[in-house]
Amino acid sequence: MSLLQYVHLIDIMARMNLRADATRFFLGYIWWILEPLLWVGVFYVVFVTIMGSREADFLMFLATGKLVFVWFSKSVASASSSIVNGKGLVGKIDVPKTLFPMAVVQEGIYKQIAVFATLAIILVANGYAVTATWWYLVPLLVVNYVVIVACAFVGACLVCLARDFAQLITLGMLFLMFTSGIFWDVRSLDAEKAKLVLDLNPIAFLIDAYRQIMMHATAPDMLHLFTIGVGFGALMCVMVLVMRHRSQYLALRALTA
Amino acid sequence: MSKTKPIVLELTDVSLSFHVSKKSFDHGRHHVLQDVSMQLYDGETLGIVGRNGVGKTTLLRVLAGILAPTKGTVRMAHGKSASLLTLGLGFKPDLSGRDNALLAAMLQGSSRKQALSFLADIKEFSELGDSFEQPVKNYSAGMSSRLAFTTALMTHVDVLLIDEILSVGDAHFRGKALAAMEARVTGEQTVVFVSHMVDQVEKMCDRVIWLENGNIVAEGDSKEVTSAYTESITRLRRDKIKH
């Protein structure tokens, strides 16, 4: 399979999944925008109406954190089960196994475009300005994508080895949600702790970087971002090689485990 | 089939087993294929017969490179490709026949451009008419197998591995499918053909392998092997009735 064919196939599989999804729901593609809006709505009810927080800032802070995190968690969680779920196909053709998680990640990208557009509109509507700093979103998005792909590959292999990992990944996502500073500000911790969280948890760093760029017009720590990109990029390459060399083993596990 | 033709695909002492659960079989290992050796010659049509669960599909999967043997070697002639044709290549019920056909053709190795160019032929041959644009979930069983067969037929590879795809649709479509299949099989195409329809195997294949419990029990002229196989099935049925 040539690279071009591989890329086309990922794109077609992702778009077909989206189309299948859209036909299943009465509201179809509207859900892409409705879902992030509902998240913000839920935050509004909980944090503004019930808990009485008067700060519009806090609502935007939550929305940015949560919507960025959901991209990661949903993509990785569903990509993890993708090879096993595709076993009907796995048993019939010898395709690169990375195709399955890649198609799921691609599907997530298409949805996330709508989510980010919605988020940007909400931010602007709440008085935040689109500044030149927003250009930093480009490398940030690229690194975020690499992190998602690397984790998706690892997850997909683990679930092939033992289905139990799917449970652990779901639990892991919950753990990450609470430790990545979505509902609290990493920067409100004392300097030492904040550094520890940002150093140990790349997701916390990415979420904070989005907020710095979009809410505070501040450039993120580019060296840190670059390090994360290189680290996860290397992991991604290793996983591609592993999945290529162990393709038939993964097929056997997906078919029989 | 003359043995002077070049070998396209060769299996030497191939065994395949996998771990199931701790308390079953041989310390939790399930043996699907055991020391299978076979050759596939260029341009021949090789049939595989055997009862359910003897390892026919697994053997095809090994030939197609989907699964690797636990032991033994699989050698494919340089630059040759093999593809397994089966019904229902991951159909998505919410999508139209057209979308499914496009996806299946691309998964079988066509480029997007080629796959798009196949669509008109697939629509015509499958006789689905306007239903081609409808979601597959609204199809009858016959309609989905017609779509699947036609999509599978469009693939062009050096070695075609066919798993039970001729039992499709109504009598009219089955006749048409068979004719299309025979046209492929009698040509220069190298084919491995698995079917329960022993008559078809005998008619279409040059050589037949009879598989029993992961072993090759007989191999050779299609008439001899299929009649020995049919005899054993009849004997088995007779024994069952007696008991």
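Take A:Gly88 and tell me if it is at pLDDT below 85, within 14 Å of chain B (Cβ to nearest Cβ) and loosely packed, with under 15 Cβ neighbours inside 10 Å. So A:Gly88 fits the description; yes.
Taking the condition away from every other protein chain (no Cβ under 14 Å) and exposed (fewer than 14 other Cβ atoms within 10 Å of the Cβ), does B:Asp199 pass? Yes. Hey, could you check region A:53-75 for residues that are open to solvent by 40 Å² or more (accessible area, probe 1.4 Å) and not in a helix (DSSP H, G or I) and say which is farthest from A:Leu123 (Cα to Cα)? Residue satisfying both the conditions and the ranking: A:Arg54.
Residues in region B:62-93 that are on the phi < 0 side of the Ramachandran plot, among the small types (Gly, Ala, Ser) and either at pLDDT below 80 or under 12 Å from the mean Cα position of the chain (by Cα) (or both): B:Ala64, B:Ser81, B:Ala82, B:Ser83. Within this structure, A:Gly231 passes the test of being modelled with pLDDT of 95 or more and over 15 Å from A:Phe69 (Cα atoms). Looking across region B:184-243, just one residue is assigned to a helix (DSSP H, G or I) and aromatic (Phe, Trp, Tyr), and that is B:Tyr229. Residues that are more than 11 Å from every other protein chain (Cβ to nearest Cβ) and part of a helix (DSSP H, G or I) within region A:15-33 comprise A:Gly28, A:Tyr29, A:Ile30, A:Trp31, A:Trp32, A:Ile33, listed in sequence order. Note on region A:208-248: residues that are crowded, with 18+ Cβ neighbours inside 10 Å and hydroxyl-bearing (Ser, Thr, Tyr) amount to 2. Being within 11 Å of chain A (Cβ to nearest Cβ) and either open to solvent by 60 Å² or more (accessible area, probe 1.4 Å) or hydrophobic (A, V, I, L, M, F, W, C) (or both) holds for only one residue in B:Thr70, B:Thr58, and it is B:Thr70.
Screening A:Lys195 on (1) farther than 24 Å from A:Ile122 by Cβ; (2) surrounded by 13 or more Cβ atoms within 10 Å (Cβ to Cβ) shows it passes everything except condition (2). If you go through region A:142-162 and keep only what is open to solvent by less than 10 Å² (accessible area, probe 1.4 Å), under 13 Å from the mean Cα position of the chain (by Cα) and β-branched (Val, Ile, Thr), you end up with A:Val147, A:Ile148, A:Val149. Scanning region A:169-192 for residues that are open to solvent by less than 10 Å² (accessible area, probe 1.4 Å) and under 18 Å from the mean Cα position of the chain (by Cα) yields A:Ser180, A:Gly181, A:Ile182. The helices (runs of 4 or more DSSP H) located wholly in region A:79-125 that include 2 or more residues which are of a type in the set (Gly, Ala, Ser) occupy A:99-125.
Somewhere in region A:42-56, is a residue closer than 24 Å to A:Ile109 by Cα and not hydroxyl-bearing (Ser, Thr, Tyr)?
The answer is yes, given that some residue of region A:42-56 is closer than 24 Å to A:Ile109 by Cα and not hydroxyl-bearing (Ser, Thr, Tyr).
Take the residues in region A:91-106 that are within 18 Å of A:Cys237 (Cβ to Cβ) and open to solvent by 20 Å² or more (accessible area, probe 1.4 Å); name whichever of them is farthest from the other protein chains (Cβ to nearest Cβ). Only one residue tops the list, namely A:Met102.
The values are calculated or read from the model by the stated rules, or taken from the named source; none is laboratory data. All values reported here derive from a predicted model rather than from experimental measurement. Virtual Cβ from ideal backbone geometry, glycine too; neighbours counted across all protein chains shown. Protein only, heavy atoms only, side chains kept; ligands, DNA and RNA dropped before computing areas. Shrake-Rupley method; radii C 1.70, N 1.55, O 1.52, S 1.80 Å.
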